[in-house]
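Contents: one structure, followed by commentary.
The values are calculated or read from the model by the stated rules, or taken from the named source; none is laboratory data. Note that the structure is predicted; figures quoted are calculated from it, not measured. Cβ placement follows ideal geometry from the backbone for every residue including glycine, while neighbour counts extend to all protein chains displayed.
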Amino acid sequence: MSNDDKALLHPGGARSSPYPTSRLAPAFEAPELAEEIARAESMLSARTGAKLRVIADQIKALQAEARKVLTEAREEQSLTHAECTFKRIPGKVYHLYRKGTGGTFFSMLSPEDWRGVPPHEHLGAYRLETDYSWTAAERLHEHDDTGEVVQQLLRIGGIRGAEGPG
């Protein structure tokens, strides 16, 4: 045996050998080993592809949510910048009108207060919230269960919320 051949030998014990050291060990056939590696690679590829598809779907959902948030922010910004000659009070509903010049303004008077014939185009009614956001009148009746869902999640997680013992 030459020195080059000795360099290829496993220096450790037989139990840690990467290849069979006994006639009783199962024989490795190159084609079977290649098929096993190919199967493992195929499974790894499928798992990785599935995980990447989930991430891609999450990215699409986050992009859609970001577009929605930006659209809502633009709408709220236009409401916040509408002309108003009185102090805005959270909890009150105000009516948005468009002047002939194109500018918008808030009024406390609804179209019904003008006997159905307001002097300007009525664009909608909005309630000013305590965080100074706006809620369209047609959405005021919608039930917001966000607080309930948060409390439910806290209970599931074993955390007591402000409601006291559950």
Handout entry: residue 140 being surrounded by 11 or more Cβ atoms within 10 Å (Cβ to Cβ), modelled with pLDDT of 90 or more and either β-branched (Val, Ile, Thr) or in contact with a Lys or Arg (Cβ under 7 Å, 6 or more places away or on another chain) (or both)
Key = no
Practice task
Would you check which residues across region 68-105 are outside any helix (DSSP H, G or I), free of Cβ contacts under 8 Å to residues at least 40 places away in the same chain and of a type in the set (Val, Ile, Thr) and list them?
Solution key: 85, 89, 101, 104
Exercise for the section: Go through (1) of a type in the set (Ser, Thr, Tyr); (2) outside any loop (DSSP other than H, G, I, E, B); (3) out of contact with any helix residue (DSSP H, G or I) (no Cβ under 8 Å at 6 or more places or on another chain) one by one and return the number of the condition residue 126 breaks. Expected result: (3)
Exercise for the section: Report yes if some residue within region 115-122 is of a type in the set (Lys, Arg), out of contact with any Phe, Trp or Tyr (no Cβ under 6 Å at 6 or more places or on another chain) and not in a strand (DSSP E or B); otherwise report no. Expected result: yes
Practice task
Please indicate, with yes or no, whether at least one residue in region 118-136 is loosely packed, with under 13 Cβ neighbours inside 10 Å, of a type in the set (A, V, I, L, M, F, W, C) and out of contact with any Leu (no Cβ under 6 Å at 6 or more places or on another chain).
Solution key: no
Fill in the blank from the handout: Scanning region 72-117 residue by residue, the ones that are under 14 Å from residue 132 (Cβ atoms), surrounded by fewer than 16 Cβ atoms within 10 Å (Cβ to Cβ) and among the aliphatic types (A, V, I, L, M) total 2
